[in-house]
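The values are calculated or read from the model by the stated rules, or taken from the named source; none is laboratory data. Everything numeric here is computed off the predicted structure, so don't read it as measured data. Virtual Cβ from ideal backbone geometry, glycine too; neighbours counted across all protein chains shown. Accessible surface is based on the protein model in full, side chains and every heavy atom, while ligands, DNA and RNA are left aside. Shrake-Rupley method; radii C 1.70, N 1.55, O 1.52, S 1.80 Å.
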Amino acid sequence: MKTLVTNDDGVYAPGLWTLVAEIKKLGEVVVVAPDREQSGVGTSVTFHQPLRFKEVPSLVTGVPAYSVEGTPADCVILALRYLFPDQIGMVISGINEGANLGGDAYISGTVGAALQGFLSGSTSLAISVGSWKDPLFQPAAHIARLLAEKKPGTDSLPNPVLLNVNLPNLPLD
């Protein structure tokens, strides 16, 4: 099964590709992300205009990447239902710059994408680093990989589950 990686910061956001490089260590990964920054769109989906996607150059060898003219939730719906039906085992959204805590989680595109994965029956993670200035993505990517390694459906990680993980902007140690 493939892992779908998406975000709300756009297909070429550095946090996304740090996450992809780390998750690729576990197996097959595919990227389906917005073609531009989509922070604050929550769970919104596109209804009144065409939803277009295209394959784009990947920043990690062996990982197909697609950009979508839509929201993070659109990306997850498109990936799960049309691009890779019955092939996605987990959805990971991030790595977001800035925390998604409290009421912010309701408008977060990062959380909205993970929620769409969860509502579609996939174990889903939203990963954020609590900093807008010089975020440390590698420690967050490492934690995301550790969570993704947990076997869904066991005592350690129910299936499906939605986790909104917010990490401090600190080195792993």
Might you work out the accessible area of Y66 for me, using a 1.4 Å probe with all protein chains in place, and round it to the nearest 10 Å²?
40 Å²
Alpha-carbon centroids, the range 78-95 and the range 1-68: separation in whole Å
10 Å
In sequence order, calculated HN-Hα J values of the range 36-49 (Karplus, 6.51, -1.76, 1.60; Hz; x Gly/Pro):
8, 4, 9, 4, x, 8, x, 9, 4, 10, 8, 10, 9, 8
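Roughly how many percent of the accessible protein surface of the chain is carbon and sulfur, given a 1.4 Å probe and a whole-percent answer? Can you show the working numbers first?
Working: 4540 of 8220 Å².
Looking at the chain in its full context, I get 55 percent from C and S.
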GNM result for the chain, Cα springs below 10 Å: residue of L162, L119, L16 fluctuating most strongly
L119
At what distance in nm do the modelled label points of L119 and L170 sit from each other, each positioned 7 Å from its Cα along Cα→Cβ?
3.5 nm
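Return one whole number: the accessible area per residue of the chain in Å², for a 1.4 Å probe. All intermediate terms of the calculation are to be shown ahead of the outcome.
Details: 8220 Å² over 173 residues.
Ligands and nucleic acids excluded, the figure is 47 Å² per residue.
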Applied in sequence order to the range 94-105, the curve 6.51 cos²θ - 1.76 cosθ + 1.60 (Karplus, θ = phi - 60°) yields integer Hz couplings, x standing for Gly and Pro, of x, 7, 7, 7, x, 6, 10, 10, x, x, 4, 4
With a 10 Å cut-off between alpha carbons and a GNM built on the chain, which of G89, G121, G62 moves the most?
G62
Relative contact order (%) - criterion: Cα under 8 Å, at least six apart; region: the chain
25 percent
Computed FRET value (nearest 0.05) for L101 with H142, which takes r as the C-beta separation and R₀ as 22 Å
0.60
